[in-house]
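Comments concern the structure below.
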Amino acid sequence: RIFELGNTVVRLDELIVLVDGQNVELTAQEFDLLEVLIQNRNLALSRGKLLELAWGYDYIGGTRTVDVHIQKLRKKLNWDDYIKTIYKIGYRLEVPR
């Protein structure tokens, strides 16, 4: 399973992310969140839903952790134009159809 967007290639099965051909180090949690965004591309997901899907039902912390991890993904992948904030809801990975 390979996902490409802009200058980024994500090899989901190998847990590899390349930007401009260079390996980008993601934490396990960042990769899990990225995979959830990719699987649900073009869908707005609430912070609660992202927590449920990427962190699991047993996560106790607040939804602010989603914001922090989204911010890190945007920076590492240069995806400011792709990961959109949906006001008062959450986030959406916008992929051209």
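Some points to look at:
- Residue-level check: of (1) surrounded by fewer than 18 Cβ atoms within 10 Å (Cβ to Cβ); (2) assigned to a strand (DSSP E or B), ARG74 misses just (2).
- Any hit, the range 88-96, residues being open to solvent by less than 70 Å² (accessible area, probe 1.4 Å), part of a loop (DSSP other than H, G, I, E, B), at pLDDT 95 or above and acidic (Asp, Glu): yes
- Residue list for the range 20-30, restricted to those being within 25 Å of ILE86 (Cα to Cα) and either open to solvent by 60 Å² or more (accessible area, probe 1.4 Å) or part of a helix (DSSP H, G or I) (or both): THR27, ALA28, GLN29, GLU30
- One residue alone among LYS84, LYS88 is within 11 Å of the chain's Cα centre (by Cα) and among the basic types (Lys, Arg), and that residue is LYS84.
- Of all the criteria given as (1) assigned to a helix (DSSP H, G or I); (2) over 22 Å from LYS88 (Cα atoms), the one not satisfied by LEU33 is (2).
- Any chance LEU51 is outside any strand (DSSP E or B) and touching a residue at least 40 places away in the same chain (Cβ under 8 Å): no
Let's see how each residue does on (1) closer than 24 Å to ARG97 by Cα; (2) in contact with a Leu (Cβ under 7 Å, 6 or more places away or on another chain); (3) open to solvent by less than 80 Å² (accessible area, probe 1.4 Å); (4) at pLDDT below 95:
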| site | (1), (2), (3), (4) |
| --- | --- |
| LEU12 | yes, no, yes, no |
| LEU18 | yes, no, yes, no |
| VAL36 | yes, yes, yes, no |
| ARG41 | yes, yes, no, no |
| ALA54 | no, yes, yes, yes |
| ILE60 | no, no, no, yes |
| THR63 | no, yes, yes, yes |
| HIS69 | no, yes, yes, no |
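- The C-beta contact set for the range 1-16 (first residue within 13 Å of GLN39 (Cβ to Cβ) and assigned to a strand (DSSP E or B), second residue modelled with pLDDT of 95 or more and open to solvent by 100 Å² or more (accessible area, probe 1.4 Å), distance under 9 angstrom, 6+ apart or interchain) comprises PHE3/ARG41; VAL10/ILE2; VAL10/GLU4.
The values are calculated or read from the model by the stated rules, or taken from the named source; none is laboratory data. Fair warning: this is a prediction, and the values are worked out from it, not measured in the lab. Cβ atoms come from the backbone with ideal geometry, glycine included; neighbour counts cover every protein chain shown. Protein only, heavy atoms only, side chains kept; ligands, DNA and RNA dropped before computing areas. Shrake-Rupley method; radii C 1.70, N 1.55, O 1.52, S 1.80 Å.
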